[in-house]
Each structure stands twice: as structure tokens, then as C-alpha cells.
Amino acid sequence: DRSPSSSLPAAGASFFDDDDNSSRFQPFSAASTATSSSSSSTTSSSSTAPAKMKKKDLRTLQRFLEVECWKRSSIRNLDRTLLAVSDACKQINRIVQRAQTDDLYGAAVDPVTGEQADTNVQGEVQQQLDVLCNTLMLRAFCSSSDIICAVASEEEPLPRSCADVMGYHYDNIFKSGEYVAVFDPIDGSKNIDASLPVGTVFGIYRSPDQGVRDDHGKGWSLDSFLQRGTRMVAAGYCLYSATTVLVLTLGSGVHGFTLDPDKQTFLQTHPNMRIPDVGSLYSFNEANSREYSEPVQNFLEKMKEAGKIGGKKVTSRYIGALVADVHNVLINGGIYGYPSTRDHPDGKLRLLYESAPMAMIMEQAGGAGSTGYGRILDVLPPQPKKKKEE
């Protein structure tokens, strides 16, 4: 699902040096303890014990969702699903950390034939991590409750009903589902080989086909997914990096949650996130700059010639993973862009799974998401491209 929506930038808001106490640093020795008094020995031993680190008193993601979903009746039943997604992010985080020690690198292999797995709809060879993370996200959306009736993954050619995902024979098990979900399970998976950041992106739409049965008895149709981003009710991403961060919007601001590695709980560390009004970062893959359109080339050249953005010195940062680069811009301010090239005239970002959810987050944080011609959230997704049959 490639769209001109990604062909130009999704932008930000512009997208002891004390000799008297030197003895405290001397090595602990048996000789010194032999001549010390019991009281001083006790004091000495206690001073060598590591201080207990104090935890901040932060609100958990679960409590945040309970409050926010209760306040808004239109999304009141989404809390269980979003908690399930956060649990999937925890599992993906562990998989990413164990990728090398558990031999999870490389292309996926069919367990029956032993041959390399097929390519996805974008023509990319599926990696083992792609398949594992895709399964986790599918089950997170479909097993937590019956409010999601169907899902669409960047790794699969067409949407699937949750009944199919869960192995049921009848779609009417999820006939009361009010929403459909879209996601990219592991964005930038090639970065894992070099221990660089990767992420997960997702969005949730209210299904326009709720309560309507088609000729096959399904309570959803392909049109359920072909909606403008303005119809999204929630969007978010998980960043797996030095810390694991979940950024989420329910349509009324953006909030960030950091995974506590001790408690394995997401804690609200970034309430009411706002992109800085002025930022000096620009995040483009300049290795492709000669293939960008002339307006984009002119923009980059003039920005570099000026050397400043809003009075701040221009700084280039490009990680190569959408989630990581956009998060950097969201925190520090600036602009992220993935323009079209000669080989990819419609760009490579997928409107449904990546561009639209990220645009919603940026807009809710006070930024913008642009195709270069208009608002990303106003673009209607095209019909999905089926893989060519051999």
C-alpha cells in the first residue's frame, strides 16, 4: 500500500578533588579492618553497600487507560486492547534483545519445506523477526477482546478477520467488533543486525461496516480499511532502543510511557508531549538526495546553505528506522522526510500502516504530517496491491 502520501516529508512543527577526603577512595583491605574498632568497621562496611535507587512515582499505562477511556465513552472499550498491544511490545522488545543469542537473524524459513519464506506484498524478503513480531501483534489485537473485528498487517497482502487469526471457522464470533486495526509489526528490522533502534507502529479505526453483513457473512469489508487518517480513533508506536518507549494518542494529545525493566510495566514519563516550536534536526537519507525531486533538493540545499533553522544550527540525524527518526524529531524538534525517488516514485512509506498513524501522532503533538502537497491524514488509501501470482 504505497501512496503519494509518503512521497514528501511528514514534518515536525516547522515533523572531587578534596585531599582531606581522599582516603574514602582507597582500596578496602583486610589489614585496615584488623585495627579498626567494631563501630568504625560497621560504618565502613555499610558505606560500601550500594545505595538503593529511588523510583519515581509515575502513573502506569493501565491506570492512564482506565481514566482516559472512562472519560470518553466513544473509546471506553479500547483499554483492554491497548493493554494487550503494550504486552506485545514487551514481548517484541525481548525478542529484539535476544535476536543474536537465539539465532533469530536472517530470512524466515518455511518450517515444512525448509525453503526461504515468500516475500511480502512490498516485495521484501520476510525476516524471522518479521514473522514472529507479526504473529504477536495479530494475537494482541484479536485475542484481548471481541471489539476488533479485522486486522491489516504490513507483512500480509490482504486484511484478515480476527476469527481467521484465532483459528475460528465463523466470523460471527467477532461480529460485534467495532474497530479494525492496522500495523507494521517491526519497522526497520534490518537495523537489528547492527544493534540499532527499531519499532512498531499501529493505528485503530472505527469500522464503518459495524453491524452490516456482507454476502459472506462478515461484519467488515475491505472498505473498512480504506479510510482517511482523520477517521482514526487511536495511534501509537513502540520504540525499542536504549529504553523501550510507547507513545500513544487517543485523539486528545500525545503521551509517552517508558518500560520499567525491573517491574516490566509501562510508566507515564512523558505526559502531554509537544513537539518544540523550533527544532534544528533534519532527518533525510541524503544518500538518495540526487534522486529526490527538484523541489526537495532545493529545500535541502537552501537549508544547509543557511546553516540554521529558526535561529538554531542545523543538525543532521538519520537512523534508518521511521519510529526512531520520528521520535527524535518529536522530542527535539525538526523535520523528518522520506521523499520519493526515481526507483520509488510513490515513496516507500506505507500510508495505511506507517504514514497515517505517525501523522496523527505528530498533529496531536502540535506538529504536521505532509505529502508535500497536502495533509497526510486527508489522503484516501488506494486499493491494496496483490502479490503477483507465479
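What the table below lists for this structure:
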| read-out | value |
| --- | --- |
| Selection from the stretch 361-370 of residues that are open to solvent by 10 Å² or more (accessible area, probe 1.4 Å) and in contact with a Ser or Thr (Cβ under 6 Å, 6 or more places away or on another chain) | Gln364 |
| Boolean, Gly251 is under 19 Å from Ile204 (Cα atoms) and part of a strand (DSSP E or B) | no |
| Search result, residues across the stretch 271-304 that are of a type in the set (D, E, K, R) and surrounded by 14 or more Cβ atoms within 10 Å (Cβ to Cβ) | Arg274, Glu291 |
| Considering residues of the stretch 86-112 that are hydrophobic (A, V, I, L, M, F, W, C) and not in a loop (DSSP other than H, G, I, E, B) only, the residue modelled with the lowest pLDDT | Val109 |
| Residue count for the stretch 305-317, restricted to those that are open to solvent by 80 Å² or more (accessible area, probe 1.4 Å) and either closer than 20 Å to Gly372 by Cβ or at pLDDT 90 or above (or both) | 3 |
| Matching residues, the stretch 318-356, being closer than 11 Å to Ser280 by Cβ and surrounded by 20 or more Cβ atoms within 10 Å (Cβ to Cβ) | Val329, Gly333, Gly334, Ile335 |
| Residue match in the stretch 310-329 (condition: assigned to a loop (DSSP other than H, G, I, E, B), more than 19 Å from Tyr240 (Cα to Cα), out of contact with any Lys or Arg (no Cβ under 6 Å at 6 or more places or on another chain) and of a type in the set (D, E, K, R)) | no |
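The values are calculated or read from the model by the stated rules, or taken from the named source; none is laboratory data. The structure presented is a predicted model; accordingly, all values stated were derived computationally and were not measured. Neighbour counts run over all protein chains shown; Cβ positions are idealised from the backbone, glycine included. We work out accessible area using only protein heavy atoms, side chains counted, and drop any ligands, DNA or RNA first. Shrake-Rupley method; radii C 1.70, N 1.55, O 1.52, S 1.80 Å.
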